[in-house]
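> Shown below is the structure under consideration.
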Amino acid sequence: MEFGWADEDARHRDEILGFLDEVLPGDWEAISKHGPGSDQQAAFSRTFCGEMAARGWLTQHWPEAFGGRDASPWRHAVVGEEMWAIGEPRGAQYMNVNWIGPAIMHFGSDAQKAEHLPRISSGDVLWCQGFSEPEAGSDLAGLRTLAIRDGDDYVVNGTKIWTSYVDNADFIFLLVRTDPDSRRHKGVSVLLCPVDSPGVEVREIPSVVGARYFHEVFFSDARVPASCLLGPEGEGWNVVNYALQYERVGAARYARAARTLDRLAEIARERGLLSDPTVVERLAEARGVCEAARVLTYRVIDERAKGLPPSPHTQLARVAGTRSDTVVANLALDLLGAEAFEYGSYGDANFRLAMTAGVAVGATEVQLNLIASRFLGLPKL
Amino acid sequence: MDFELDTDQQAILDAVGVLLAQYAGPGRAIDLAAGDAYDFDLDAALADAGFTQVAATRGTGPLEAALVTEAVAAAGGMVSFGAAALVATGLGAGDLPGPIAISEARPPGPVRFASHARTLLVLDRKADEARVVALEPGTCAAVRSSFGYPMGRVPDALARSGDALGGGSAARLACWWRLALAAEATGTMAACLDVTTRYLSQRRQFGQAIGSFQAVQHRLAELAIQIEASKWLAREAAFQGAPAEGVATAASYALAAAAQVFAETHQLSGAIGFTREHDLHVFSMRLQTLRIEHGGVGAHRRALSAERWGRA
Ligand SMILES: Cc1cc2nc3c(=O)[nH]c(=O)nc-3n(C[C@H](O)[C@H](O)[C@H](O)COP(=O)(O)OP(=O)(O)OC[C@H]3O[C@@H](n4cnc5c(N)ncnc54)[C@H](O)[C@@H]3O)c2cc1C
């Protein structure tokens, strides 16, 4: 047991910070405050990821055989922290490099690999995730969208919901039921579906979180070539589980929360609030919550770096990450007061980005269920 | 970065485990507490095996000392181990005669282990120094306490005496003390959760194990998250040699968690949790001591804030 950074990873953090300084435009904050799903950020992600790709960094954690550099999960975590902390300039493309690419490497046909991997690693393609449905939220295995084989196509009918990024996306990583008589985890498949397939329609769901956060995607006799099937038919649940183990801890929420907190402390100083022990203690309390999430996340990255199977430490890290976002977002509102009422202000933008943390990518209560059974070994009802 | 024990660390904890199985455990703590006693046998066993000096031994350091401190606390060891293995060694004060107690220059109340102590470490913030006071056991009158450790009252004159450890020693003592508190709290909280989880897995009401109710499960899961985080924060700070910001983070986080661990494990244990016939109190009552000592959570938080963002 030891907690030091390898020199090369520490150096890489400096490189990344220097790179961000160099390539992020002066109005990056104005771009990023619209959220990662916005048109502005989607467009910028293509430029930005291109720059990362040019330096060999976008997919450096991929195996060499697929154009990566076999960079360690620690190196990958450094990149994830610095990107998320600054507002994720990779936009939706963080998903491509984190788990969509690896899933295609593992399950894809040669043609699929040749089609998708170079585009992902050059940073010029946008993907979105089509899992949730109106009747399948936390209980994803309740999904109903049907894809029935008809000649060289699948004919898809059903509705996906909450789908972030879809309006700017080229492809949707689509979870469907290919066996209409199947139930739960069986008979499910993944399609690498072009968003512009005929019969696919997208509607934005207006939200208080920001523009372009949520969408419904309607499939009405949409025809998707059978060559888009990823992995064997009916094995979709395995594909998703494999893919998501790359996304064990997901976004480095704590890194952004910690960055925000440093800025709040600066604001507090400028306004003479650091002489107020209540403010000082709340800042420190929030810092502890961010640090807690960081170490729990590192615990998971260590497992990943050692090639260990996913463990319930993932759920501990996830809930802790969520908490860091919430605690800091609330503190920001309290500190900034009414000035956060203005749309697009610092407190507002930060709050909106944080407010969904406990629901997105699997709600907290479900994580707590898993901690209770798998980490604490508590009995089932 | 490596979150698993290496073979040396594993060997240390295995050996400590053998000692603790013999000289610790809640039953022994309950017996000792009945007479306000100190566990001189455990203390000697840990010292003889070299664990008290593990931080100052070649090839091992503060991280190993923190791991042992955590284990001793989790076993309910009635010894002042953190003060010896982390604080005294961290200060480079040599092999001081134990038991060691730590006190503020103007202690606001009884001091943990003072009634048995042969060495008193004094944190004098005003004079900006740490002092070492040698004392005869019994110099500090024993004070009866519900809070899990033998306590003694440190006379004012004694707290003002002693040999100063020199420049910067107050800050260093403050840091190592925070680290010891964080490591002890971590082990103690883990024991509270463990006792409660086991009890609730077998205690049945309404025809079910209480631990199978989701309302109960979620509360225990919340504790598990905070205890795990406390553990890694303390270990990381130990590995780094007790830096001021790191220990203030570890202590403030762990001791804030301690309040919740106390409240929730007692609430969920029902009446039996308050009795001396159930193990929970051995650990839970200690949490309150750890929470209050050295200025409490507020002081740790103010220290963290000052280290990270400076003062007003
Ligand atoms: C910002 C954001 C972006 C998203 N982006 C995408 C996307 O791109 N693609 C996609 O497919 N999905 C996306 N989602 C959907 C997300 O995965 C779901 O919201 C999530 O899985 C929860 O499902 P739900 O919203 O239907 O809530 P429900 O499942 O209806 O849950 C409602 C509440 O009930 C609780 N609950 C549910 N089951 C249990 C249980 N067994 N025990 C205790 N409590 C329970 C939940 O924890 C929650 O608090 C996104 C969501 C958000 C908020």
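> Quick check on segment B:274-312: of everything there that is touching a residue at least 24 places away in the same chain (Cβ under 8 Å) and among the aliphatic types (A, V, I, L, M), which residue is surrounded by the fewest Cβ atoms within 10 Å (Cβ to Cβ)?
B:MET285
> Working carefully through the options A:LEU308, A:LEU381, A:LEU368, find the one that is within 15 Å of the ligand (Cβ to nearest atom), under 25 Å from B:LEU223 (Cβ atoms) and open to solvent by 30 Å² or more (accessible area, probe 1.4 Å).
A:LEU381
> Taking segment A:191-227 as the region of interest, how many residues are among the hydroxyl-bearing types (Ser, Thr, Tyr), away from the ligand (no atom under 16 Å from the Cβ) and open to solvent by 30 Å² or more (accessible area, probe 1.4 Å)?
Within segment A:191-227, residues that are among the hydroxyl-bearing types (Ser, Thr, Tyr), away from the ligand (no atom under 16 Å from the Cβ) and open to solvent by 30 Å² or more (accessible area, probe 1.4 Å) number 2.
> For B:ALA271, work out the one condition from (1) surrounded by fewer than 23 Cβ atoms within 10 Å (Cβ to Cβ); (2) at positive phi it doesn't fulfil.
For B:ALA271, the exception is condition (2).
> Are any of the residues in segment A:139-157 assigned to a loop (DSSP other than H, G, I, E, B), near the ligand (Cβ under 9 Å from one of its atoms) and either under 19 Å from the mean Cα position of the chain (by Cα) or modelled with pLDDT of 95 or more (or both)?
yes
> Could you tell me which of the residues A:ALA77, A:ALA42 is open to solvent by less than 20 Å² (accessible area, probe 1.4 Å), among the small types (Gly, Ala, Ser) and closer than 22 Å to A:TYR254 by Cβ?
A:ALA77
> Using the structure shown, decide if A:GLY130 is within 24 Å of A:ALA226 (Cβ to Cβ), within 16 Å of the ligand (Cβ to nearest atom) and not β-branched (Val, Ile, Thr).
The answer is yes for A:GLY130.
> Take the residues of segment A:91-115 that are farther than 17 Å from A:HIS61 by Cβ and touching a residue at least 60 places away in the same chain (Cβ under 8 Å): which is surrounded by the most Cβ atoms within 10 Å (Cβ to Cβ)?
Restricting to residues being farther than 17 Å from A:HIS61 by Cβ and touching a residue at least 60 places away in the same chain (Cβ under 8 Å), the top hit is A:GLY91.
> Something else now. For the condition away from the ligand (no atom under 16 Å from the Cβ), within 11 Å of another protein chain (Cβ to nearest Cβ), open to solvent by 10 Å² or more (accessible area, probe 1.4 Å) and closer than 30 Å to B:GLY296 by Cβ, what is the one hit in A:LEU336, A:LEU273?
A:LEU273 is the lone residue from the list that is away from the ligand (no atom under 16 Å from the Cβ), within 11 Å of another protein chain (Cβ to nearest Cβ), open to solvent by 10 Å² or more (accessible area, probe 1.4 Å) and closer than 30 Å to B:GLY296 by Cβ.
> Could we say that A:ALA169 is in contact with a strand residue (DSSP E or B) (Cβ under 9 Å, 6 or more places away or on another chain) and more than 11 Å from the ligand (Cβ to nearest atom) here?
no
> Residues of segment B:55-76 being open to solvent by 10 Å² or more (accessible area, probe 1.4 Å), among the β-branched types (Val, Ile, Thr) and in contact (Cβ under 8 Å) with a residue 40 or more places away in the chain, which ones?
The answer is B:THR60, and nothing else.
The values are calculated or read from the model by the stated rules, or taken from the named source; none is laboratory data. Please read these numbers as outputs of a predicted model, since none were measured by experiment. Quick reminder, even Gly has a Cβ in these numbers, built from the backbone with ideal geometry, and neighbours come from all protein chains shown. Note: areas computed on protein heavy atoms with side chains; ligands, DNA, RNA excluded. Shrake-Rupley method; radii C 1.70, N 1.55, O 1.52, S 1.80 Å.
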